[in-house]
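These notes are about the structure you will find just below.
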Ligand SMILES: [Fe+2]
């Protein structure tokens, strides 16, 4: 990344439109070529610690949500992006026409940063009209931080599982812009759905799989659901279970 000049990039020898959009974010923030600051390495260590605490069952899932969102609110996006190894991201090509495009990356080796991560990570890329389609999760905690773009974000509490439906309650329904964040656990805001309102929207995502709940035996997975279900009493929705294909057809 440090060796990459604007001219080299403009010559078009490297990367795709997608990479360009992501690098543009760096240019805008004037972070291009900067060294990763030790404070950012420490921030990543902080994120790792709360994820480790959750995995080790030292903190409850809802406490993890509070802590991770507090950490997300403290990081500057340009500093976070300095941690991302863009050499790897360049291997990714286009944003898919539907749903989200998942970009894998590594963090750069940085002073203070952990050697082994307790969480999974990716960056989602979406163009206008693409969605992270509505879904809940089993045995999982996850958090989103908007890196770039405007998105319409919705969350729902998953109150009851029925054979063909979930009983859900809307909890968050608003526009998200760069720097804003939300989180999911088995206990709170379990279902999320993000629709990109602008092209070249990017979401930083971390996730922890395989969490346990007393008395609950469900496979660790996404649970696809269509929130446009029957409205029932108390502001609740009887939302039909669905599948990925059906949801991307309906929601993009
Ligand atoms: Fe999710």
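Here, each number is a calculation from the coordinates, and none is a lab measurement. Everything numeric here is computed off the predicted structure, so don't read it as measured data. Positions of Cβ are backbone-derived with ideal geometry, glycine not excepted, and every protein chain shown enters the neighbour counts.
Look at the alpha carbon pairs under 8 Å that are at least 6 residues apart: their mean separation over the length of region 121-188 gives a relative contact order of 39 percent. The eigenvalues of the Cα gyration tensor, multiplied by 5 and square-rooted, give region 108-252 an equivalent ellipsoid with semi-axes of 26, 21, 13 Å from largest to smallest.
Computed from the C-beta positions of residue 74 and residue 102, the FRET efficiency with R₀ = 25 Å rounds to 0.50. Using only the Cα atoms of region 174-252, build the gyration tensor, take square roots of its eigenvalues as a ≥ b ≥ c, and label the shape rounded, prolate or oblate: rounded if a/c is under 1.5, else prolate if a/b is larger than b/c, else oblate. Here region 174-252 falls in the oblate category. The label-point distance for residue 111 and residue 164, in a model that sets each label 7 Å from Cα toward Cβ, rounds to 6.2 nm.
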